[in-house]
Every structure is written in structure tokens, then in C-alpha cells.
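Below: one structure, written as C-alpha cells.
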Amino acid sequence: MPASLQHTLDFLRDLDANNNREWFNQNRARYDKAYAAFEDLVVELIQRFDVVDDLGSVTPSQCIYRIHRDVRFSPDKTPYKTWFGALLGKEGRKSTGRSYYIQVNPFGESIVAGGLFMTPREDLEKVRRAIAKDSRPLRNILDAASFKRYFGTVTGAQLKTAPKGYAKDHPDVDLLRYKDFLAEHHLTDEQLLSDDLVDYVLEVCQALKPFVTYFYGVLE
């Protein structure tokens, strides 16, 4: 069983209120403890992920994102993310194929998610062409009971109207308008502290697999 994420949640809440280098350096020991608990979670997920997918020989360090923000081109100059995140795929956070994202974020903002985010224009057009040609494979996934149970519906940024080259009255315009195709399942803080957290996350990822498989199948 991974270490309790209580330390992680407590640290991240305090970091949210004190997002500066001086406070972070003064609380480095707390950060190390918070990171270690999140790393324990990722370790166990990797060890047991064969019930969902083959991750190959990926390591936790390859999956976990740095807490430091890249502020070079951002108006928000706070130096640290106020969450821990990891991408579970064969190439860790550099994965370009099927992968599964988990984020631990206090205030009920933790998620298990997957799909297409910040999709390159060429890839987005491939997906749109596949949907326009035959939307049934994707709609069957979205209509599945397990998908609806954990994710409800697809989310992500959308255009206000049909994309260029597609009719405004296209029967699949509701899907064609998406610029990102995401499925997100939120976890409460209480769920993060439960003994069955890993079991639950694996269940969510099993429900997510057909969704991510569809998109990366189109893009192969």
C-alpha cells in the first residue's frame, strides 16, 4: 500500500497559499515527504497496471512531472505547480501513444484523465476526418455505461461553430467542434486517502482505455 497522501495534500494546500521560492526552500523537507508519498502511489500503479495496459519498463521518475513551472512565456510568474502529476505510458511523460494521466491536487481537484490535449493541427484534422467518415466507433465508446459512469461525456476546448471545411449542419458537428478530446474523472480528497485508492484508479483507467485507444488508433 502506498504511503498516505495526507502529507501531500497538506503540503500542496500550504504551497497554494505561499507560492514563492523562499517558503518552498524553508519547507524542502515537507516537499520531499509529499513527493515521496505521491511517488509511492505511482510505483504501485505501475506495478499493477498490467490489468489495464502494458507500460513496458517505464519508471516512476520517467512518469512524474517536475513541480517547477516554466514561467518564461506565462503572465503567471508563480514558480511552482500546486499539484503533482504523472503520465502513465510506455515512455512516461514523453509518451505520444496511449497513456493515462493522474493528478493529485487538493480542494477536490484531483483527476484521472486521458485523450488528446493541445492537439497539433494535423492530428486534429485526422481525428475530425475519421469522425466525419464514421462517428459510430467513438459514439459507442461515449455511450458505454462504464464511460458514462466515470466520465459523463467528452470535455475539452471547442469551437463556437463547425471547423473550416465541415458543414454547420453536419450530423456530427457536436464532436467536430472539439479542439481537445478529454475524459476526466475527479477524485475527492477523501478518495485519495482511502485504502482502495489504487484499485479505484485502476478501475477508472480500465474504463478510460477504449477512449484513448480510439484516438491513438486514428493517429497511427
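The values are calculated or read from the model by the stated rules, or taken from the named source; none is laboratory data. Remember, it's a predicted structure, so these values are computed and weren't measured experimentally. Glycine also receives a Cβ, built like all others from the backbone with ideal geometry; neighbour counts cover every protein chain displayed. For the accessible areas, the whole protein counts, side chains as well, though only heavy atoms, and no ligand, DNA or RNA atoms are used. Shrake-Rupley method; radii C 1.70, N 1.55, O 1.52, S 1.80 Å.
Structural remarks
- Cα radius of gyration and Dmax for the chain (Å): 18.7, 58
- Using R0 = 35 Å, the C-beta based FRET efficiency linking ALA167 and TYR200 works out to 0.25.
- In region 49-179, lysine pairs closer than 13 Å at Cα, eight or more apart or cross-chain: 4
- One chain, two ends: ARG13 and ASP54. Fully extended at 0.36 nm per residue, the span grows by 11.4 nm beyond their Cα-Cα distance.
- The value for region 145-220 of Rg(Cα) / (2.2 N^0.38 Å) is 1.39.
- The chain - accessible surface per residue (Å², probe 1.4 Å): 54 Å²
- Largest-first ellipsoid semi-axes for region 1-48, taking √(5λ) over the Cα gyration tensor eigenvalues, angstrom: 24, 9, 8
- For a label point 7 Å along the Cα-to-beta-carbon line of VAL71, residues of region 10-54 with backbone N under 13 Å: 18-25
- Share of carbon and sulfur in the accessible heavy-atom surface of the chain [1.4 Å probe, %]: 50 percent
- With the simple model of a label 7 Å out from the Cα in the direction of the Cβ, PHE107 to HIS186 spans 1.2 nm.
- Region 14-136 pair-distance distribution - Cα-Cα, 10 Å bins, rounded %: 11, 34, 32, 18, 5, 1
- Using R0 = 22 Å, the C-beta based FRET efficiency linking GLU220 and THR155 works out to 0.40.
- Efficiency of FRET between GLU122 and ALA145 - r from beta-carbon atoms, R0 30 angstrom, step 0.05: 0.35
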